[in-house]
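Undergrad: Have a look at the structure that comes next, please.
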Amino acid sequence: ESNSLRDHWENDVLPRLTPEMVYTDPSHRFQIASDRWRGGSPFRESKSGTSFAVWPSTLRFYDSGMGFAGDPISYVHSLKVGRWEYPKAKDWVEALRELSRLAGVEHNFPTREPSIEQIERARKWEERRSIFSAVYITCAQHLWSSFGCNALTHLIEERGFTESELRDLGVGLYPTLEIVQAAITEQQFNISLAEKCGVLTRKWEGYAVFPWHNPYGEPLTLYGHWPASKADIPLKKNHVGWKKEHDTARRAWNKLSEAQKVAQPWTDAQIPKKYACWNPKDESGSWLATKESPLYFDRVVKASHHEAVLVEGVTDAAIAQVRGDSRVMACVAASLSGEQVQTLKRHRVQRVNVCLDPDSAGEKGIISCIKSLLSGGIAPYVAPLLPLDSRGDGDPDRFIISHGIEAWKQHTSFDSATHGLRWIARYIVTAGRNGAQELSDAAREAIWQEAIRFTNTVDRQWEDALATYFWSEIKLAVGAVEIPELKESTIIKRESVLATVSLLQGSDGGGSHRNSSVHSSGGDRFFNDKSYCDGDGGSGGGFNDNYDGFESRNDWEAPMTCNGEIWKWFRDREGNEQFRPLADFDFIITGEIAAPTSSNSGGGYSLKIKRSFDRREVEVVIFSLETITVKEFITTLLRKTGFHLNCRLCQADLVALIHARLEEYHRNRAGRVYRCIDRFGQQSDGTWVFADCQFKADGTPTHSKESGWIYNPQLGAVDHILCPEIQPPNPGALRKLIEAQRKFAGSSFMHFLLCDGYVAASLHFQEIMRVEKFFPILNPYGDPGSKKTIAVLSAMSMAGWGNTERGALARTSVSMAYERLKCLGSIPSMWDDPPGKTRIERNMLDDFFQSLYNGLPRQVRGNSQQPFSPMIPTSNHSLGETNPATKTRIIPLFMPVINDGDRSAWGELSEARSQASGAFGQLVAIGYSQALVKALRDRLSRHLPTAHDRVADNLAILVFYTQKVAELAGLDIDVERWTIANLCEPLNESLTGLNCVADFFEKLEALVSYDSVGSWNVATVETREEGRVLALHLPSIWPEVEREFNPAYNRPVLERVLVSIGAIKNRSAKLHSGRDLVLAYNRAKLTARFDSQGNIILPNGPERINKKCLLLPESLCQALNLQWLLDLNGPDSDSPGGFGGGDGPDDPDGSPPG
């Protein structure tokens, strides 16, 4: 019931009063403390001078010497009559009027004479407010005492609050009835009233209590939450406050018949999870609705919002508020009450986005909320259903805790919402469809009748909204129908047009129309202001800046907008003006775009486009060259929006329409010219641009209005190149990822950490490439089970790829890889198992990685694919083995098979990956220090004496950023020391002599085994100077080695290394003349004949000739473990089928012995 006195006291007077203004008697001489002021009584001498106490938090007072307590109204009245006395009737009103004068709001004092009943209820309301304020304080104190340990643990660990958030909300714990009653008695409150208000009952004991205020921040009621999981809530029979209710229910059950008991078996009920105060009553009924204002609506009002988000639960709204969304309020029921809607209406809330729990009760609550809001003249919207988590919980508080407040704000943005009337229409259609694929005529009729029944309950003020949102959906399902009470044909009269507006105009968030009052959102927009189109023409498409002289300059005759469609005036044969549609969509320009430096498209526009019957807009970027003709314009929109558009605009209409939209943008929305991104991530000036966030070059957040960059949602769409998604800043995200990697990887953790460091370096790819003219390539390789792919994917989650594989390529081409690196700015990608089985594929990869190392573009006719990001190849074998130039540009990181990792940590790692990009700003802030990297390179090079110069350059960058990542995560790890101990030795051997010599003789053994090499180019011979040596005829051996293996070194390198360790170059040795003769000789021996004495008759051995060879002394062969080559026999030895043996290089005849 409305009470003007109470409203005036609560809304106008009380918020402006302070203790100094009220308690002014000179006898007080207050001693001020934090919780109360103490002074002398105005009506008696006080020996201590402290018998009179005032509580600033409630403005209540208590005179202990005279046993009188009251509020400011009682104090003002008592000073007037000269004794402590509670005012009644007109005296109470006069005291209130005096306080109204003190507060400076006497002009707002109610003029209508109040009734005695109204005065009494206003007095009780004020005392009730003070009682609740005292209870709030008492409960809050006990939450942080020993009483509250278990409750605090539950609220923090299970419900997700922090200590500071609980203090901000004023959450408390109801200790015992005696403690609360003592606090109320201390301030001399009316105990009987406190009992009637519901705060003095043992049922409250143990509940965590949430203060509930009215829109002005004054205490309204109390809401309880039992601080335990559902399974741990006590039974009623075990709770002192609820036991009586249990006993009553048990006695009633005992009176049932045996059959009834079987049908209704007894179960001990738990106490309620939630508990609240009841409405206080007197002889005339309830004098206060304790939930007349939504929970935390006072915070909505304080933030000056005229649009709000409605949730169902207390903790849903509480978490949202303390995490930064001041729009959120809770109905704390299945739907809004009538009193709550009236409260919203009084505070001029224009629209509400309903986001109730995703269950059947929530669905019914949405219907009720929509109807209630419509009846209150508030535009209803419905947010998309929240996703269920792993526990099947889709409540808002869980969503906010898991995904962050920014994800919540985006989810509950009006750009993502559905108008309530459209939601109702779809609900009716779905119910009428009843799961059927096709609607029967009976179902269509049922839908139509239900739609009519619903609209009969809706006020006529929503007539336009019904036509736009409700009937458009019904017509889509049922077919062409006549809208009741809106029986105009598609030929619309001018008067009707002038009373309608575009669903898009003036609502993109940048600026406002001077002469419009708009209810808008990015999705479904409803405008209530009929004067938005003023009847004096238009600028084409709703431009409505009525400044002097504009109309006279508008000669474009652009089409206009009506009901979300583009229309234009025509004259029929009788000369009557008619308004006919030209397109079933409308659009606005939200940004003018300067062409990227790499584009020849001539600039363009950022458009928001929406068909008249769609729920939401689609944002596209369209370039000027795509608007030259109507065909090109529509074709581009079809391709970029992904849905069909009907259009019969002519060329002149299109030109005029774009001109009008552009002029409206410049006049009404600042008209700034933006730069369109040509790659996701880091742009040419260092700014980072993503779909929903931007960062400066130093990692601090920014936005398009500051940076001048605009996001292009169509970038990379043709090749399915997606934009990374950066999570809100989270200081703990990096540490969480590193700890999960440590558990999962076990002893291989450092390999994971190096991948993290490489990704951090990748975020500075363009800067490093600009300074150093190169960027190393990390190649994690190893056997299956080494988790090399997981290591890279988890590292790349820091760059926005999250817990997905969207940053990875597989079975792709070099051309596609270049296109991807062209569309990403300093964002790494992974190429999993790139093709390299054939020589052509290996050569292709060599060329790719050599060019990528130096940032060289791939030039294709009409297209330059300049890489702006690195690529991380993962493979079973180290890449670049076939090409030394490639190998020196790659950091081969061998990944051992993980045997000691914690497989159960996979879930933790997945969760950490989803949040890892919360550290993005920290990683970008690392920057690039050339001096520090150079110093690190100098230290590493001392441990790489035989490696290529590039190796130290590459390692220095990797180690620098890995160390930075470790430090940011709070790890005490010396990455440089680990690298020296574990990576430098294999990198030293990578292209050293020992490596290529061993590799050569391994390959030589294989060639010998299948007769590609034999005694015609490898033989053991005797010399006078060196004795027994191994002769290698490299001119005939090397072509076979290169043909079969294509090694990572060449013949001159091999010769130089062999000579350096003791081989002798360019010495003659007699070897068999050729392969064919030796093989023929070996075949002949297999079919040899025997003489009459039984002796074998051997064929003539192959001829020996002098060849220039490389000689390896026997001592060197033994050092290199080549004894097997010295021991093999040639075809002219005593053992058939071998090679070697025979004359020395100086043998004069060269004939085989025997």
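Undergrad: Considering only segment 673-701, how many residues are among the aromatic types (Phe, Trp, Tyr) and either surrounded by fewer than 19 Cβ atoms within 10 Å (Cβ to Cβ) or outside any strand (DSSP E or B) (or both)? Break it down into steps so the answer makes sense when it comes.
TA: Filtering segment 673-701 for residues among the aromatic types (Phe, Trp, Tyr) gives 674, 680, 688, 690, 695.
This time we only want the ones that are either surrounded by fewer than 19 Cβ atoms within 10 Å (Cβ to Cβ) or outside any strand (DSSP E or B) (or both), so: 690.
Residues meeting the conditions: 1.
Undergrad: Could I ask something else about it? Can you pull out every residue in segment 30-54 that is surrounded by fewer than 21 Cβ atoms within 10 Å (Cβ to Cβ), among the aromatic types (Phe, Trp, Tyr) and not in a loop (DSSP other than H, G, I, E, B)?
TA: 37
Undergrad: So residue 80 fits all but one of (1) closer than 17 Å to residue 26 by Cβ; (2) crowded, with 21+ Cβ neighbours inside 10 Å; what number is the exception?
TA: (2)
Undergrad: Now for a different question. Please go through segment 419-441 and pick out each residue that is surrounded by fewer than 18 Cβ atoms within 10 Å (Cβ to Cβ) and either assigned to a loop (DSSP other than H, G, I, E, B) or of a type outside the set (D, E, K, R) (or both).
TA: The answer is 430, 431, 434, 435, 436, 437, 438, 440.
Undergrad: Now for a different question. Within segment 165-193, which residues are touching a residue at least 12 places away in the same chain (Cβ under 8 Å), among the small types (Gly, Ala, Ser) and either touching an Asp or Glu at 6+ places or on another chain (Cβ under 8 Å) or on the phi < 0 side of the Ramachandran plot (or both)?
TA: Residues satisfying the conditions are 172, 183.
Undergrad: Okay, moving on. I'd like the full set of residues that are aromatic (Phe, Trp, Tyr) and at pLDDT below 80, limited to segment 86-131. Can you show your working first?
TA: Of all residues in segment 86-131, those aromatic (Phe, Trp, Tyr) come to 86, 92, 109, 125.
Residues satisfying the conditions are 86, 125.
Undergrad: In addition: Can you tell me which residue in segment 611-630 is farthest from residue 588 (Cα to Cα), limited to those that are among the hydroxyl-bearing types (Ser, Thr, Tyr) and surrounded by fewer than 17 Cβ atoms within 10 Å (Cβ to Cβ)? Steps first, answer last, please.
TA: Residues of segment 611-630 among the hydroxyl-bearing types (Ser, Thr, Tyr): 612, 624, 627, 629.
Subset that is surrounded by fewer than 17 Cβ atoms within 10 Å (Cβ to Cβ): 624, 629.
Working: 624: 15, 629: 18 Å.
My answer is 629.
Undergrad: Further question: Just give me the residues in segment 769-789 being surrounded by fewer than 23 Cβ atoms within 10 Å (Cβ to Cβ) and in a helix (DSSP H, G or I), in sequence order.
TA: Across segment 769-789, the qualifying residues are 769, 770, 771, 772, 789.
Undergrad: When you scan segment 373-411, how many residues do you find that are under 23 Å from residue 162 (Cβ atoms) and among the β-branched types (Val, Ile, Thr)?
TA: Matching residues across segment 373-411 total 3.
Undergrad: Give 625, 637 a once-over and let me know the one that is within 30 Å of residue 801 (Cα to Cα), touching a strand residue (DSSP E or B) at 6+ places or on another chain (Cβ under 9 Å) and assigned to a helix (DSSP H, G or I). Break it down stepwise before answering.
TA: Working: 625 fails: within 30 Å of residue 801 (Cα to Cα).
Testing whether each residue is within 30 Å of residue 801 (Cα to Cα), touching a strand residue (DSSP E or B) at 6+ places or on another chain (Cβ under 9 Å) and assigned to a helix (DSSP H, G or I) leaves just 637.
Undergrad: Check whether at least one residue in segment 167-189 is among the small types (Gly, Ala, Ser), within 18 Å of residue 71 (Cβ to Cβ) and in contact with a His (Cβ under 6 Å, 6 or more places away or on another chain), and report yes or no.
TA: Taking segment 167-189 first, the residues among the small types (Gly, Ala, Ser) are 170, 172, 182-183.
Going one step further and asking which of them are within 18 Å of residue 71 (Cβ to Cβ), we end up with 183.
This time we only want the ones that are in contact with a His (Cβ under 6 Å, 6 or more places away or on another chain), so: none.
Scanning segment 167-189 turns up no residue that is among the small types (Gly, Ala, Ser), within 18 Å of residue 71 (Cβ to Cβ) and in contact with a His (Cβ under 6 Å, 6 or more places away or on another chain).
Undergrad: Another one. Working only within segment 90-116, note down all residues that are part of a helix (DSSP H, G or I) and under 21 Å from residue 130 (Cβ atoms).
TA: Going residue by residue through segment 90-116, those that are part of a helix (DSSP H, G or I) are 90-102, 106-108, 116.
Selection gives 91, 92, 93, 94, 95, 96, 97, 98, 99, 100, 102.
Undergrad: Using the structure shown, decide if residue 444 is outside the structural domain of residue 914 (by TED's automatic domain parsing), under 32 Å from the mean Cα position of the chain (by Cα) and part of a helix (DSSP H, G or I). Walk me through how you get there before you give the answer.
TA: Values: outside the structural domain of residue 914 (by TED's automatic domain parsing): yes; under 32 Å from the mean Cα position of the chain (by Cα): no; part of a helix (DSSP H, G or I): yes.
When the stated conditions are applied, residue 444 does not pass them.
Undergrad: Right, here's the next one. Which condition from (1) surrounded by fewer than 21 Cβ atoms within 10 Å (Cβ to Cβ); (2) among the hydrophobic types (A, V, I, L, M, F, W, C); (3) within 18 Å of residue 728 (Cβ to Cβ) is the one that residue 388 breaks?
TA: The single condition residue 388 does not satisfy is (3).
Undergrad: Then there is this: Being among the polar types (S, T, N, Q) and on the phi > 0 side of the Ramachandran plot narrows it down to one of 304, 326, 293, so name that one. Full working, then the answer.
TA: Working: 326 fails: on the phi > 0 side of the Ramachandran plot; 293 fails: on the phi > 0 side of the Ramachandran plot.
None of the other options fit; the residue is 304.
Table: residues versus (1) within 33 Å of the chain's Cα centre (by Cα); (2) surrounded by fewer than 22 Cβ atoms within 10 Å (Cβ to Cβ); (3) modelled with pLDDT of 90 or more.
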position	(1), (2), (3)
885	no, yes, no
889	no, no, yes
902	yes, yes, yes
945	no, yes, no
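Undergrad: Determine which single condition residue 134 fails, assuming it passes every other condition in (1) crowded, with 18+ Cβ neighbours inside 10 Å; (2) modelled with pLDDT of 90 or more; (3) touching a strand residue (DSSP E or B) at 6+ places or on another chain (Cβ under 8 Å); (4) closer than 28 Å to residue 56 by Cα.
TA: If we test residue 134 against (1) crowded, with 18+ Cβ neighbours inside 10 Å; (2) modelled with pLDDT of 90 or more; (3) touching a strand residue (DSSP E or B) at 6+ places or on another chain (Cβ under 8 Å); (4) closer than 28 Å to residue 56 by Cα, just (2) comes out false.
Undergrad: Separate question: Tell me which of these residue 189 doesn't satisfy, since it passes every other one: (1) over 18 Å from residue 125 (Cβ atoms); (2) buried (at least 20 other Cβ atoms within 10 Å of the Cβ).
TA: Answer for residue 189: the failing condition is (1).
Undergrad: Return yes or no: is residue 863 in contact (Cβ under 8 Å) with a residue 40 or more places away in the chain and of a type outside the set (Ser, Thr, Tyr)? Spell out how you get there, then give the answer.
TA: Working: in contact (Cβ under 8 Å) with a residue 40 or more places away in the chain: no; of a type outside the set (Ser, Thr, Tyr): yes.
No, not satisfied.
Undergrad: Across segment 230-276, what is the number of residues that are assigned to a loop (DSSP other than H, G, I, E, B) and exposed (fewer than 10 other Cβ atoms within 10 Å of the Cβ)?
TA: 4
Undergrad: Also: Among the numbered criteria (1) in contact with a strand residue (DSSP E or B) (Cβ under 9 Å, 6 or more places away or on another chain); (2) of a type outside the set (S, T, N, Q); (3) under 25 Å from residue 855 (Cα atoms), which single criterion is violated by residue 772?
TA: If we test residue 772 against (1) in contact with a strand residue (DSSP E or B) (Cβ under 9 Å, 6 or more places away or on another chain); (2) of a type outside the set (S, T, N, Q); (3) under 25 Å from residue 855 (Cα atoms), just (1) comes out false.
Undergrad: Considering each of 78, 74, 130, 57 in turn, give the residue that is in a helix (DSSP H, G or I) and touching a residue at least 60 places away in the same chain (Cβ under 8 Å). Show your work before the answer.
TA: Values: 78 fails: touching a residue at least 60 places away in the same chain (Cβ under 8 Å); 74 fails: touching a residue at least 60 places away in the same chain (Cβ under 8 Å); 57 fails: in a helix (DSSP H, G or I).
Residue meeting the stated conditions: 130.
Undergrad: Looking at (1) at pLDDT 90 or above; (2) surrounded by 20 or more Cβ atoms within 10 Å (Cβ to Cβ); (3) over 30 Å from residue 729 (Cβ atoms), which one does residue 830 not meet, given that it meets all the others?
TA: Going through (1) at pLDDT 90 or above; (2) surrounded by 20 or more Cβ atoms within 10 Å (Cβ to Cβ); (3) over 30 Å from residue 729 (Cβ atoms) one by one, residue 830 breaks only (3).
Undergrad: If residue 824 passes every condition in (1) among the aliphatic types (A, V, I, L, M); (2) surrounded by 21 or more Cβ atoms within 10 Å (Cβ to Cβ); (3) more than 11 Å from residue 867 (Cα to Cα) but one, which one does it miss?
TA: Residue 824 satisfies all of (1) among the aliphatic types (A, V, I, L, M); (2) surrounded by 21 or more Cβ atoms within 10 Å (Cβ to Cβ); (3) more than 11 Å from residue 867 (Cα to Cα) except (3).
Undergrad: When the residues of segment 63-74 are narrowed to those that are of a type outside the set (A, V, I, L, M) and surrounded by 21 or more Cβ atoms within 10 Å (Cβ to Cβ), which ends up farthest from residue 191 (Cα to Cα)?
TA: Applying the first criterion (of a type outside the set (A, V, I, L, M)) to segment 63-74 yields 63-65, 67-68, 70-72, 74.
Subsequent filtering for residues that are surrounded by 21 or more Cβ atoms within 10 Å (Cβ to Cβ) retains 63, 70-72, 74.
Numbers: 63: 17, 70: 13, 71: 15, 72: 19, 74: 17 Å.
Among those residues, the one meeting the criterion is 72.
Undergrad: Which ones in segment 890-935 are without any contact (Cβ under 8 Å) to a residue 60 or more places away in the chain and of a type in the set (A, V, I, L, M, F, W, C)?
TA: Kept after step one, since they are without any contact (Cβ under 8 Å) to a residue 60 or more places away in the chain, are these residues of segment 890-935: 904, 907, 929, 931-935.
Across segment 890-935, the qualifying residues are 931, 932, 933, 935.
Undergrad: Restricting to segment 919-935, give me the number of residues that are buried (at least 22 other Cβ atoms within 10 Å of the Cβ) and either of a type in the set (Gly, Ala, Ser) or more than 27 Å from residue 682 (Cβ to Cβ) (or both).
TA: 1
Undergrad: Name the single residue that is nearest to residue 246 (Cα to Cα) among those in segment 199-210 being part of a helix (DSSP H, G or I) and touching a Phe, Trp or Tyr at 6+ places or on another chain (Cβ under 8 Å).
TA: Initially, segment 199-210 is screened for residues part of a helix (DSSP H, G or I), giving 202-204.
When the remaining residues are screened for being touching a Phe, Trp or Tyr at 6+ places or on another chain (Cβ under 8 Å), the result is 203-204.
Working: 203: 12, 204: 16 Å.
If we take residues in segment 199-210 being part of a helix (DSSP H, G or I) and touching a Phe, Trp or Tyr at 6+ places or on another chain (Cβ under 8 Å), then 203 is nearest to residue 246 (Cα to Cα).
The values are calculated or read from the model by the stated rules, or taken from the named source; none is laboratory data. Worth saying up front: this structure is predicted, and the values here are computed from it rather than measured. So basically every Cβ, Gly included, is an ideal-geometry build from the backbone, and we count neighbours across all protein chains shown.
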